[in-house]
1. Rounding to the nearest 10 and keeping the result within 0 to 90°, find how far the Cα-based axis of helix 658-675 lies from the longest principal axis of the chain.
2. Provide the packing ranking of 520-526, 381-387, i.e. peptides ordered by the mean count of other C-beta atoms within 10 Å per residue, highest first.
3. Where the accessible area of the chain is counted over protein heavy atoms with a 1.4 Å probe, how much of it, in %, is carbon and sulfur?
4. Please check which bits of the range 498-536 a label hung off HIS433 would reach, taking the label as a point 7 Å along Cα-to-C-beta and the cut-off as backbone N under 20 Å.
5. When ranked by the protection proxy of mean other Cβ atoms within 10 Å per residue, highest first, what sequence do the peptides 405-411, 585-591 form?
6. For the chain, what is the mean residue ellipticity at 222 nm derived from helices alone (per DSSP H run of n ≥ 4: -39500 (n - 2.57); sum divided by total residues; nearest 500 deg cm²/dmol)?
7. Given a Förster distance of 35 Å, report the FRET efficiency between HIS344 and LEU508 from their Cβ-Cβ distance, rounded to the nearest 0.05.
8. Quick one: check the C-alpha center-to-center distance for the range 471-546 versus the range 362-379, whole angstrom.
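The values are calculated or read from the model by the stated rules, or taken from the named source; none is laboratory data. For clarity, every value in this text was computed on a predicted model and none was experimentally measured. Every residue, glycine as well, gets a Cβ built from its backbone with ideal geometry; the counts of neighbours run over all protein chains shown. These accessible areas exclude ligands, DNA and RNA; they are computed on the full protein's heavy atoms, side chains included. Shrake-Rupley method; radii C 1.70, N 1.55, O 1.52, S 1.80 Å.
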Amino acid sequence: MNLISSSCLLLLRSFSRNIHRRNIYPLISRLYTETTVELSKDQLQKLRDQEQRFKRRLHSVHRKFAVVPENSEFQGRHHVYFEDGKGIYRSTLGHDDQEMLEVCNADWGGDGYGTIQRVRLSPSETMLAVTVKKDHHEETRCVLVHLGGLILRQKAPLVLDNVLSFEWATDDVLYYSTQETLRCLCVFRLHLSNSEVKTTLVYEEKDPEFFVEVSRSRDQRLVTINCCSKISSEVWFVDSKTPLLFPTLIQSRQPGLLYHVEHSDNCLFILANTGANQEYQLLRAPLASPSMPHWVPLFSAVPGTVIKDMELLQDHCVFTVKDSQCRVQIQTLSTKEPRQFNTHQLPHWACDLSPQRVGTVDRGSFGFLLSSPVHPPVRYLFSSREQKLSVTEDNTKHISLTEFNTTRLQATSQDGTMVPLTLLHMPALSELHKAPLLLHVYGAYGVDLSMAFSPEKRMLLEDGWALAYCHVRGGGERGLAWHQAGSVLQKRRGVEDLASCIQTLHHLGVSRPALTALTARSAGAVLAGALCNHNPLLLKAVILQAPFLDVLGTMQDPSLPLTIEERGEWGDPLMREHRDNIASYCPCHNIIPQLYPSTLITAYSEDRRVPLSGVMKYVQRLKKAIQVCTTRDGVNTRVPVVILDLQPGGDHFGPEDLNLSLNESARQLAFLYTELGLDHQKTRRRQKERSNNLTGKSHRPRN
């Protein structure tokens, strides 16, 4: 099939007589894009009936899980608040029957700004700060609402443009960072007085490899300015007792030093990568002498585990740690007691821990949600006074949940490294040889693969799918060293890890290549695309969302907003060694004529994080490679399809609107079922029969 239709070629010839040659290239690119999109629309139209059936099912599944707890409710000193994405409402504490009154609406951000992102109450609950996001874009505005007085909104809301992070130092002093072209380099102080509103620049970052954001200590004493690159960090603080003074430096940046700061009782508690193997450990320093020579070690994770997060209570520190699964460890901080820690085992199914940090925080307790991709969130509370971890809200008791298995495996990678792998399934492991398998991968920036609850994944599980999560190098699942082992010159290790995970599952009898699909988004597409170039026969289908595919082309263009900042992850192509390394795995530059898995790519026309030009280049080269292969070899099997689902807007992280999000999910499911040759209706009937035959009807998953 020709990539440019004959009508497009005639148009090009007519223009070529009158337009200078250098101006033709943008036109060619536009015509290629338009032709590719039109061809993809024809292919998507063939999936339309299945897409509509899946969308109806997805609506039903989302309604079923609408009652599960979320981090959408928070408390102030006098009121309880509820946020639903479009508005914020409150009622008086202790008056559950009182009508909820609206205190903020996303529309107050102006035309086109319709989704609430972040919420902060001032210390005495007289002010509310809320960021709202522009529809289909990443731009945000901060809306400041006055809550004091007898009448809500007795003062008109104040709107600040391009605000990313923000925290109250006092009821009338707000610190915030701004984002321009995806770069966050400046921090401002907003002083609200009776006579005027005064804005002051308090910090400006000069190094383009750094990103700046504002946070606040759990005891609300300090506002911190956190400056981070891929390899180092630096923190400044403002004491809320003197909110108009300029920030104080804690420790100047050093290559390889990463640290984060909390505060309690005039002491800084510092989580820094100064432990064994440069992993995180907890240290303490006086607030008056905060620099590194005064840091005293308090706690390090036991060998084989890594610290993922911490919450500072009145006299305890709560660590989220990981080995093969999530755990909570409690460390005493009192100098009068011997330092000791207790480990609280979490449910075997727990894969994701989400802290509750909005509103007035009780320093004697720590609340969080536990979930997995297929288990709805359950609310937990640790009380330092009672030394007890308990369930405070579990609406899954009211939902009929079929039992499932959480199996944690390890795959041996090419260099002998053991790679963690989480498998979620309903049938026993020995019964999965005919099950369709959906793999997930990310492996970049030291970020863990997302394993929060997804109604869509629960639906697939109940349809008999096995869901595998590959925790490859480059991610953060096994700590900072795990990230470094899969970044820059070691990026290929993540591709090898992914291949080993798939091969391990197939060797164990979990599915087979003809029933195996892979999904990845953003930077995870680098590993997915590289795998398809080197091991295409491991998979039948691939789904990529907002994919980063042209690593070499992007990293060679310093005019793009994230190129310089991300050299610490991918390398600097100006260095020959780095350039050759990127060229060796870059998905876009290693496509060869062969049979690839069928591929569905969802991209956004104005995405500034992943340029559309790189996506188009990949699609065109992939289609051409498949065409050359099938023409040359006379392939008798079904020719793989390559579909570009190009959506409007520039929201790299997908649509906020539930209906639009379900449309995308339904298209992806229709694509999967079609390419894997699955009958949607038969799959549902077969799984219903199996569920009806189960003797145990507990809503709890199997251990």
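1. Approximately 40 degrees, to the nearest ten.
2. My ranking of the peptides, most packed first, is 520-526, 381-387.
3. The computed percentage sits at 50.
4. Zone members listed by number: 502-517.
5. 585-591, 405-411
6. Calculated at 222 nm, the ellipticity per residue is -7500 deg cm²/dmol.
7. Efficiency, rounded to the nearest 0.05: 0.65.
8. 29
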